[in-house]
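Colleague: Sending over a structure as structure tokens; questions will come in a sec.
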Amino acid sequence: MDNDSSTSGDAEIVGQVVAGDVHAFEHLLRKYQNLVLIILKKHLPYDQIEETAQDVFIRAYQSLPTFRGESSFKQWLSTIAVRTCYDFWRKHYKSRELPMSSLTEKHQVWLEEAISAQASQSFHEQSLQKEAREVLDWALDRLSAADRMVLELVYFEGYSLKETSDLLGWSIANVKVRSFRSRKKLHKLLTQAIPSPDISGLDRGSTT
Amino acid sequence: MNPPKTEHEVLQAILRKAYSEKENVEVGDQWQQKVMRRVRELGALQPTPSFPEMLEQMVWRLAPVTCLLIFGLAVLFAFADFTSGYEVFQLLMNGTEELTFALFAGL
């Protein structure tokens with residue numbers, strides 16, 4: 001019921017903005033800024049969040065006349081936010097030089113400990129999150145923009161194939177294939193980062 | 001008792017946790033003002049025209065070209081000689097068995 005009234009309220013505000021009331025857009029901005037920030041924080045580097053958040057809302061504002069209300073405004077805005085993140089990575093990967101640096105020794109040790117059989121729960125709990133994030137960023141930076149987005153949405157955030165295909169505007173088959181391949185690539189990257197025969201089990205797990 | 005986790009599952013759990021931690025970074029609160037400033041600069045939105053409106057716009061856009069075309073064709077017809085065309089038409093109608101390609105082509 002609340003969701004319905006919220007949706008109709010959003011549609012009303014959208015109508016006002018489209019009719020020329022620029023200031024009404026501030027209601028939508030305030031209401032959905034956290035939603036957009038949460039999406040951007042997950043997908044983008046810290047220093048890019050504010051600028052991209054501005055881009056998301058400007059893009060949403062300019063696209064408002066095309067909003068038909070077939071989905072909720074929240075869903076529509078989430079789609080814009082995710083696609084803006086994808087566009088960011090596409091531009092980023094085009095302009096960057098190919099990263100050649102391998103994992104530092106500290107990260108290699110961390111990775112080795114993280115996936116060793118003895119580690120399990122205790123390591124999981126005490127694990128240094130900073131190292132984990134750095135290793136994750138290092139691995140994700142070596143994937144393509146499309147692989148990165150699919151991996152983050154399906155593998156880390158747990159979105160279904162249908163939801164991911166809606167968010168990115170791709171076919172379900174494309175998402176399915178890319179999700180499988182990107183997971184394989186991630187595991188290959190991580191297993192190759194530490195040359196040890198003990199971690200070959202990663203590939204076994206990835207095929208499920 | 002839970003079965004022991006595979007290396008893959010352990011690593012996946014750690015990476016997922018690291019990924020979800022990204023949500024906790026703090027972001028400034030100045031960007032909203034910048035958004036509204038840019039929105040005001042952009043001004044009021046132009047609603048997307050409906051199909052009849054789009055058609056009307058297209059008709060008016062093509063009107064000068066159509067007028068020029070009509071004028072050009074009128075001039076062409078005014079100065080054109082239709083006699084030879086009429087003779088060929090007569091030939092076709094009256095003596096199709098005598099009509100050869102050479103005759104038809106005016107050779």
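The values are calculated or read from the model by the stated rules, or taken from the named source; none is laboratory data. Computed from a predicted model, the values in this text were never measured in an experiment. For neighbour counting, all protein chains shown are included, and Cβ atoms are generated from backbone atoms with ideal geometry for every residue, glycine included. SASA here: full protein model, heavy atoms, side chains in, ligands and nucleic acids out. Shrake-Rupley method; radii C 1.70, N 1.55, O 1.52, S 1.80 Å.
Colleague: Keeping every protein chain present and rolling a 1.4 Å probe, give me the accessible area per residue for the range B:37-88 in Å².
Modeller: Value for the range B:37-88: 91 Å² per residue.
Colleague: Obtain the nm distance between the two label points defined at A:Asp141 and A:Phe180 by a simple spin-label model: each point lies 7 Å from its Cα along the Cα-to-C-beta direction.
Modeller: Result: 3.1 nm between the two label points.
Colleague: Also: Could you tell me the center-to-center distance, by alpha carbons, between the range A:43-114 and the range A:163-188 in angstrom?
Modeller: Using only Cα atoms to place each centre, the spacing works out to 16 Å.
Colleague: Describe numerically, in nm with one decimal, the distance between label points set 7 Å from Cα along Cα→Cβ at B:Leu68 and at A:Val109.
Modeller: 7.8
Colleague: Measure up A:Lys91/A:Lys176; A:Lys94/A:Lys185; A:Lys42/B:Lys17; A:Lys91/A:Lys130; A:Lys106/A:Lys188; A:Lys188/B:Lys22 against 22 Å on the Cα-Cα distance and list the ones that go over.
Modeller: Too far apart for the 22 Å limit: A:Lys91/A:Lys176; A:Lys91/A:Lys130; A:Lys188/B:Lys22.
Colleague: Another question, if that's okay. At 0.36 nm per residue, and after removing the present C-alpha to C-alpha distance, how many nm does the segment from B:Gln90 to B:Glu53 gain when stretched out fully?
Modeller: Contour length minus the Cα-Cα distance gives 8.4 nm.
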